[in-house]
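First the structure, in the form of structure tokens, and then the observations on it.
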Amino acid sequence: MHQAAVQQLLDIAPRGAVVAAVRESLDAARTRRAGPPDDWEEDIRDRLARRTAAELRPVLNATGVILHTNLGRAPLADAAIRAVLAVAGGYSNLEFDLSSGSRGSRTDHCRSLLRLVTGAEDGLVVNNAAGALLMVLNALADGREVLISRGELIEIGGSFRIPDIIQRSGARLREVGTTNRTHLQDYERALDGGVAAILTVHRSNFEQRGFVASPEPEKLAELATRAGIPYLYDIGSGLIADLSRWGLISEPRVADALAAGAGLVLFSGDKLLGGPQAGCVIGDRALVARCRENPIARAVRADKLTLAALAATLSLYQDDDAAVRSIPVLTMLTLSAADLERRAVRLASLCPGSVDASILEGESAVGGGAFPEGVLPTSLVALNAGPLGPDGLSLRLRHGQPAIVTRVAGNRVLLDPRTLPEESFTAVANAIEQALSS
């Protein structure tokens with residue numbers, strides 16, 4: 001601790017952190033066969049840097065997976081980022097009515113925008129889509145049965161399963177039909193006084209083909225109406241924009257789910273909607289009110305940063321063309337082949353000559369459990385990693401500044417310009433050069 005180089009570290013880090021790094025370095029020197037490090041000060045400095053570095057850091061996504069769950073799914077639009085910054089550094093009217101000067105409700109902040117862009121009677125935002133489903137089922141079906149097709153008892157990210165969420169909500173799961181084929185009659189035969197709702201969960205992270213059948217949502221909504229119970233439709237990805245002109249048609253849109261007659265529609269905020277992590281519940285005014293009054297709504301409520309980002313994102317949907325231009329997820333989904341090739345050529349031209357960058361045809365992925373069979377042709381930049389090998393170069397890029405997550409295939413490192421902002425290309429090239437020379 002008295003060495004000059006170590007003393008200098010006290011100017012940039014707390015004493016406790018420096019002491020811990022010194023002790024860690026000493027312990028390593030005592031236990032490893034190689035003995036002490038060649039340079040004590042450098043070893044301590046490196047260990048201190050790892051200890052004090054932020055655990056949650058920004059990364060550049062060169063994988064071509066747009067809604068990469070492990071990388072935080074949807075990047076926010078500039079308008080959403082500005083909205084977060086505006087409320088993050090000070091106070092806000094989160095639960096304060098500026099007109100009356102009395103207590104307000106945080107559930108009001110995205111309510112009108114959800115109604116405006118979806119056409120629903122009412123809307124409610126919670127912290128994520130699983131929390132939304134938990135709350136809705138507890139509010140509408142606690143102690144009673146919920147009908148759902150066996151083919152929709154899916155597992156979503158992180159090993160969370162729909163049957164488990166239903167059970168935790170207090171509702172009782174009642175399966176109808178079979179894994180591959182469920183008919184309207186299956187639901188009709190299961191209806192009795194103990195059934196509280198019919199639930200459809202969109203199979204967003206896989207696709208069934210072949211000998212399969214499912215009733216149309218309109219038919220299930222009609223059946224639920226005749227039975228006097230709500231029809232709940234969890235569409236998953238929260239697609240608001242019409243992407244059919246780009247050939248993306250397999251995901252249900254929010255407006256279509258409402259038009260089918262669903263009493264409540266549930267969806268995520270950080271997938272195809274392109275906003276922050278959130279769970280949105282829209283639909284019938286009376287049903288939304290029952291959810292809003294449910295105690296679980298408090299347990300899964302959204303924070304001020306989420307509400308600010310979501311409101312700013314929803315505002316962009318008042319103009320479809322502006323939404324595609326301004327919301328990164330939609331922009332990446334709709335890039336043309338010419339744009340992708342131009343980006344790839346520019347990125348390759350900036351890369352160090354030693355990696356022998358070349359252009360390959362390839363495919364991007366939507367990710368996030370959306371459009372599981374969607375094919376997005378792209379132009380890839382392929383790098384020859386040399387003596388490091390592709391895994392070695394990929395590892396160094398992940399630990400670089402900035403951190404870059406890539407693909408490895410065919411003994412080469414692949415960069416997909418679809419998910420890399422053009423303004424990051426120079427930084428990517430510099431990071432590759434640093435990884436090769438470090």
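The values are calculated or read from the model by the stated rules, or taken from the named source; none is laboratory data. Small disclaimer: the values here were computed from a predicted structure and weren't measured. All Cβ positions, glycine included, derive from the backbone under ideal geometry; neighbour counts span all protein chains shown.
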Quick check on residue 142: is it assigned by TED's automatic domain parsing to the domain that holds residue 265, in contact with a strand residue (DSSP E or B) (Cβ under 7 Å, 6 or more places away or on another chain) and acidic (Asp, Glu)? no
For the stretch 268-367, which fully contained helices (runs of 4 or more DSSP H) count at least 2 residues that are in the same structural domain as residue 427 (by TED's automatic domain parsing), in contact (Cβ under 8 Å) with a residue 24 or more places away in the chain and of a type in the set (Lys, Arg)? 337-350
Quick one: which helices (runs of 4 or more DSSP H) sit completely within the stretch 92-206 and have at least 1 residues that are touching a residue at least 12 places away in the same chain (Cβ under 8 Å) and within 23 Å of the chain's Cα centre (by Cα)? 111-118, 129-141, 162-169
Could you list all residues from the stretch 219-242 that are in a loop (DSSP other than H, G, I, E, B) and over 17 Å from residue 73 (Cβ atoms)? 228, 229, 230, 242
Filter the stretch 399-430 for residues that are in a helix (DSSP H, G or I), in contact (Cβ under 8 Å) with a residue 40 or more places away in the chain, out of contact with any Ser or Thr (no Cβ under 8 Å at 6 or more places or on another chain) and of a type outside the set (Phe, Trp, Tyr) and give the result. 422, 424, 426, 427, 428, 429
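For every residue, the table says whether it meets (1) within 24 Å of residue 222 (Cα to Cα); (2) surrounded by fewer than 17 Cβ atoms within 10 Å (Cβ to Cβ).
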residue: 161; (1), (2): no, yes
residue: 164; (1), (2): no, yes
residue: 181; (1), (2): yes, yes
residue: 186; (1), (2): yes, no
residue: 196; (1), (2): yes, no
residue: 199; (1), (2): yes, no
residue: 202; (1), (2): yes, no
Residue 172 passes all but one of (1) closer than 16 Å to residue 264 by Cα; (2) at pLDDT 95 or above; which number fails? (1)
Which members of the stretch 71-86 meet the condition of being touching a residue at least 12 places away in the same chain (Cβ under 8 Å) and assigned to a helix (DSSP H, G or I)? 71, 78, 79, 80, 81, 82, 83, 84, 86
Going by the structure shown, is residue 98 surrounded by fewer than 21 Cβ atoms within 10 Å (Cβ to Cβ) and hydrophobic (A, V, I, L, M, F, W, C)? yes
Residue 229 crowded, with 18+ Cβ neighbours inside 10 Å, at pLDDT below 95 and not aromatic (Phe, Trp, Tyr): no
Does residue 196 satisfy the condition of being in contact with a strand residue (DSSP E or B) (Cβ under 8 Å, 6 or more places away or on another chain), in the same structural domain as residue 264 (by TED's automatic domain parsing), of a type in the set (Gly, Ala, Ser) and modelled with pLDDT of 95 or more? yes
Can you find, within the stretch 10-48, the residue that is farthest from the chain's Cα centre (by Cα) among those that are among the basic types (Lys, Arg) and assigned to a loop (DSSP other than H, G, I, E, B)? 33
Scanning the stretch 177-213 for residues that are under 16 Å from residue 233 (Cβ atoms) and touching a helix residue (DSSP H, G or I) at 6+ places or on another chain (Cβ under 7 Å) gives 182, 184, 187, 196, 197, 198, 200, 201, 203
Pick from 378, 426: which is touching a helix residue (DSSP H, G or I) at 6+ places or on another chain (Cβ under 8 Å) and surrounded by 15 or more Cβ atoms within 10 Å (Cβ to Cβ)? 378
Tell me, please, whether a residue that is closer than 30 Å to residue 271 by Cβ and part of a helix (DSSP H, G or I) can be found in the stretch 54-69. yes
Would you mind finding the one in 270, 303 that is within 19 Å of residue 253 (Cα to Cα), out of contact with any helix residue (DSSP H, G or I) (no Cβ under 8 Å at 6 or more places or on another chain) and acidic (Asp, Glu)? 270
